[in-house]
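In what follows, a structure is listed as structure tokens, so that the remarks can point back to it.
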Amino acid sequence: MTNFDFYAPTYFAFGKDKENEAGKLVKRFGGSKVLIHFGGGSVVRSGLLDRVKKSLEAEAIPYIELGGVMPNPRSGLVYQGIDLCRKEGVDFILAVGGGSTIDSSKAIAAGVVYDGDFWDFYLGKPVTKALPIGTVLTIAAAGSEGSPDSVITLEDGMLKRGASGEAYRPKFSILNPALTQTLPPYQTACGITDIICHLYERYLTNTPDVETTDRMIEGLILAMITEGPKVMKNPDDYEARANIMWAGMMAHNNSCGVGRSQDWTSHNLEHELSAKYDCAHGAGLAVAMPAVFKYTMKHDVNRFAKIAVRVWGCQMDFENPETTALQGIERLKQFLISIGMPVTFAQLGAKAEDIPELAHKVLVHGDEVNDTLWGFTQMSKDDIVKIYELML
């Protein structure tokens, strides 16, 4: 295990009706004028937005609203939010929604206090300062409610990129599992897939002697395997929803990733799929993961065999561990199919003729095109093309 610093100060208010405490929490963490940022649709129809506004009014906290966040959140709305916050003197961002809304809120929060273009942070500039952020979570998936990360799509060129910094960690996050009970099954399954991928990306490490975090990751994936089918069968299973919601946060606040190298190849390749085809992030990951794992498996076959045995219940073939590793990848794929996820390009709506473009964009960083993608293994453009071809 390598040296690390870990500080995750987000305050979590977990349970039924906790959204009614939003106003008190904003006041506790210093907010005096709030931007409520949201997508639309369900948070309005369900009355959630009204409950949040009522809680702010009860604390005499003024607010303005900015809706319209889309899945794979766009840069245009971020620029609009930055201008609005500056004009209105906003000092606190409250995200009401899922990972896309939270990620957009984080980008706005950093952009308001920055003299340059907020996209600089998504080209690698560390995020060191941002307005304080709070969240009211409506889907267990991205883990942005507890993480220092954000992903935004730049509409000029449709590049989907991430930014990170401790200033992006929310001051508080309200997690009411009941808010996820009305999600369509497909969105629920996409969230489960995203959580599993966040865990795999940390599991695929080149750092030795990380048994503690290995076991944490394995346990959380096992929770998804048991709790996921429960909510697919019964969307109103509050306890299963609660376990999934907390696992989603644990999967991405990096408590499972400290002291070890991490991968993120599946995410890097998926970002180009959802940027180009506007597919759900979790659906893209379901297509990407098995292909990435099959291609990189031989780099450390025993690591893939270990998770196959410990998580997927495979029998270890000591003479040929590759057989065990492949069985584990196949059981992951079958699990994704069982919860309704696509696993091929065709099912996702992606096209084989776009593979060269997708592979090129994976390596685009600002005005530069890198030669190599770094992760669990070192990959060239040719390697990336071959992985996309495995998704066909």
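The values are calculated or read from the model by the stated rules, or taken from the named source; none is laboratory data. Treat the numbers as computed from the prediction; the structure is a model and nothing was measured. No Cβ is skipped: glycine too gets one built from the backbone with ideal geometry, and neighbour counts run over all protein chains shown. Remember, those area values only see protein heavy atoms, side chains included, never the ligands or the DNA or RNA. Shrake-Rupley method; radii C 1.70, N 1.55, O 1.52, S 1.80 Å.
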Per the C-alpha gyration tensor (a ≥ b ≥ c, the square roots of its eigenvalues), region 1-159 is rounded if a/c is under 1.5, else prolate if a/b beats b/c, else oblate; here it's rounded
Quick check for you: which residues of region 214-230 have the amide N under 16 Å from the point 7 Å beyond the Cα of Gln315 toward its beta carbon? none
Karplus (6.51, -1.76, 1.60) ³J(HN,Hα), θ = phi - 60°, over region 146-156, in Hz, Gly and Pro reported as x: x, 9, x, 10, 8, 10, 10, 9, 7, 5, 7
Could you please state, rounded to a whole Å, how far the C-alpha centre of region 157-218 is from the C-alpha centre of region 1-55? 18 Å
Run down the lysines and flag those whose C-alpha is under 22 Å from the C-alpha of Lys33, throwing out any fewer than 8 positions away in its chain. Lys18, Lys24, Lys53, Lys54, Lys87, Lys106, Lys129, Lys171
Hey, what do the phi angles of region 367-372 turn into as Karplus ³J(HN,Hα) couplings, whole Hz, using 6.51/-1.76/1.60 and θ = phi - 60°, x for Gly and Pro? 8, 10, 10, 6, 7, 9
Any aspartates and glutamates whose Cα falls less than 17 Å from that of Lys27, other than same-chain ones fewer than 8 residues away, would be Glu19, Glu57, Glu59, Asp91
Residues listed by number, region 282-297, amide nitrogen under 17 Å from Ala346 label point at 7 Å toward C-beta: 287-288
For Tyr11, placing the label point 7 angstrom along Cα-to-beta-carbon and taking region 78-105, residues whose amide nitrogen sits under 16 Å are 92-95
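Where a ≥ b ≥ c are the square roots of the eigenvalues of the C-alpha gyration tensor, would you call region 1-93 rounded, which needs a/c under 1.5, or, failing that, prolate if a/b is larger than b/c, or oblate?
Cα axes put region 1-93 in the rounded bin.
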FRET E, pair Gln378, Asn302, Förster distance 22 Å, beta-carbon r, rounded to 0.05: 0.70
Assuming a strict under-19 Å limit between Cα atoms, what lysine pair count do you get for region 293-385 once near-sequence pairs (fewer than 8 apart, same chain) are dropped? 10
Probe of 1.4 angstrom, ligands and nucleic acids ignored: what's the accessible area per residue over the chain, in square angstrom? 40 Å²
Scoring region 162-236 by relative contact order with C-alpha pairs under 8 Å, at least six apart, yields a percentage of 48 percent
Compute the relative contact order of region 49-129 as a whole-number percentage, counting only Cα pairs closer than 8 Å that sit 6 or more residues apart in sequence. 26 percent
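Please tell me the relative contact order of the chain in percent, rounded to the nearest whole number, where contacts are Cα pairs under 8 Å and at least six residues apart.
Working: 762 pairs, mean separation 59.3, N = 392.
Value for the chain: 15 percent.
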Once amide H atoms are built 1.01 Å from N in the peptide plane, which residues 5 or more positions from Gly98, or in another chain, come under 5 Å H to H? Thr138
Portion, in percent, of the accessible area of the chain that falls on carbon or sulfur, probe 1.4 Å: 51 percent
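Quick check: residue separation of Asn20 and Ser338 times 0.36 nm, minus the Cα distance between them. What number comes out in nm?
110.9 nm
Within the chain, which whole H helices from DSSP have a Cα span along their axis of at least 30 Å and a mean Kyte-Doolittle hydropathy of -0.5 or more, if any?
Working: long enough: 211-233 (34 Å, 0.09).
Span-like helices, by this rule, are 211-233.
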Note to self: C-alpha centroids of region 256-302 and region 306-331 sit apart, in Å, by 19 Å
